[in-house]
Amino acid sequence: MRRSLSLLTLLSVFLTLFVVGCASKDYVRQQIEPLNDRISKLEARVSALEARPAGGSADEAMKQAREAKALAEEAMKLTKECCGKAEDAAQRAEAAAKRAEAAAEKAKKAFELQQKK
């Protein structure tokens, strides 16, 4: 009797673990479905990247770099031209200021001579 009771207890423990411890197919499907979606999206992205030509983006980047270099060189040329023009204008302004000062001195001397008479 004691042996049948322990056997019955052992059988009920295994039966309880089997019924409660197992996941249903629907539960597993619910848990796996988001992972399957993410994996499918990643596989699609990898396929798209692999389908891209290997040298296409590097060639395009080199082309853009050459264009940028040409624009930078043109900007430097224009900057040098503008700096040269600005320096010339500054020199002309200084010369004009000196001539104006000389004219003012002459006018002052003429005025002083006129006052003395």
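Per-structure values
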| quantity | calculated |
| --- | --- |
| Filter pass, Thr79 being part of a helix (DSSP H, G or I), modelled with pLDDT of 80 or more, surrounded by 10 or more Cβ atoms within 10 Å (Cβ to Cβ) and among the hydroxyl-bearing types (Ser, Thr, Tyr) | yes |
| Any hit, segment 13-24, residues being part of a helix (DSSP H, G or I) and modelled with pLDDT of 70 or more | no |
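The values are calculated or read from the model by the stated rules, or taken from the named source; none is laboratory data. This is a predicted model, so every value here is computed, not measured. Because the Cβ atoms are built from the backbone with ideal geometry, glycine has one as well, and the counts that use them run over all protein chains shown.
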